[in-house]
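What follows is a short report on a single structure.
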Amino acid sequence: MNVDKLTRYCQLKAQIKQTEDELEQLRREITNEISQDAEFSFGDYTLKIVYQEKRHYNDQQLAAALPDPELWRALFKADAAKISALVKTGLLSEKSLEGTYTTTRTPYLYVTPTLRETQT
């Protein structure tokens, strides 16, 4: 094992962490300025922000809201995808789920270079 390789590996890992922290800070600053889905072009870049809402269910409140205890056994714990499927199939109603979850908005940030035609 070459100690120089190990040293360089650790340096690069620290660099990655620093870069990821800076990217997260910039993402937070950008999304704090723009609170809705949006798409803009700035110079050579296109910025697209998409917000996605996610539900986080409370197990106890959900169990109490389900019309059939067998449904809870099918879920075992609050799983948003399974609950959504039960709503889509009509086994559960949105009304019966009111008060059993909280909703969070998660922004997704996409930045791409703008393609420009080159003149010959």
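The values are calculated or read from the model by the stated rules, or taken from the named source; none is laboratory data. Because the structure is predicted, anything quoted here is derived from the model rather than measured. Neighbour counts are summed over all protein chains in view; Cβ atoms, including those assigned to glycine, are modelled from backbone coordinates with ideal geometry.
Filter the range 8-58 down to the residues that are under 30 Å from Ser96 (Cα atoms) and of a type in the set (Lys, Arg), then identify the one that is farthest from the chain's Cα centre (by Cα).
Arg55
If I ask for residues that are under 30 Å from Glu24 (Cβ atoms) and either surrounded by 13 or more Cβ atoms within 10 Å (Cβ to Cβ) or modelled with pLDDT under 80 (or both), which ones from the range 85-107 would you list? Outline the logic, then answer.
In the first step, residues of the range 85-107 are kept if they are under 30 Å from Glu24 (Cβ atoms); the result is 101-107.
Tyr101, Pro107 - these are the residues of the range 85-107 that are under 30 Å from Glu24 (Cβ atoms) and either surrounded by 13 or more Cβ atoms within 10 Å (Cβ to Cβ) or modelled with pLDDT under 80 (or both).
Looking at the structure I just gave you, is Asp68 closer than 30 Å to Leu115 by Cα and surrounded by 10 or more Cβ atoms within 10 Å (Cβ to Cβ)? Outline the logic, then answer.
Numbers: closer than 30 Å to Leu115 by Cα: no; surrounded by 10 or more Cβ atoms within 10 Å (Cβ to Cβ): yes.
No, not satisfied.
Give all pairs with beta carbons closer than 6 Å in which a residue from the range 1-29 that is outside the structural domain of Val50 (by TED's automatic domain parsing) meets a residue that is surrounded by fewer than 10 Cβ atoms within 10 Å (Cβ to Cβ); count only pairs at least 6 apart in sequence or on separate chains.
none
Any idea which of (1) surrounded by 10 or more Cβ atoms within 10 Å (Cβ to Cβ); (2) farther than 20 Å from Thr100 by Cβ is the one Lys5 doesn't satisfy?
Checking Lys5 against (1) surrounded by 10 or more Cβ atoms within 10 Å (Cβ to Cβ); (2) farther than 20 Å from Thr100 by Cβ, the one that fails is (1).
Applying the selection to the range 78-99, what residues are among the charged types (D, E, K, R), closer than 13 Å to Ala65 by Cβ and not in a loop (DSSP other than H, G, I, E, B)? Give the steps one after another, and end with the answer.
As a first pass, look at the range 78-99 and keep what is among the charged types (D, E, K, R): 79, 82, 88, 94-95, 98.
After this cut, where a residue has to be closer than 13 Å to Ala65 by Cβ as well, the list is 94-95, 98.
Of everything in the range 78-99, those that are among the charged types (D, E, K, R), closer than 13 Å to Ala65 by Cβ and not in a loop (DSSP other than H, G, I, E, B) turn out to be Glu94, Lys95.
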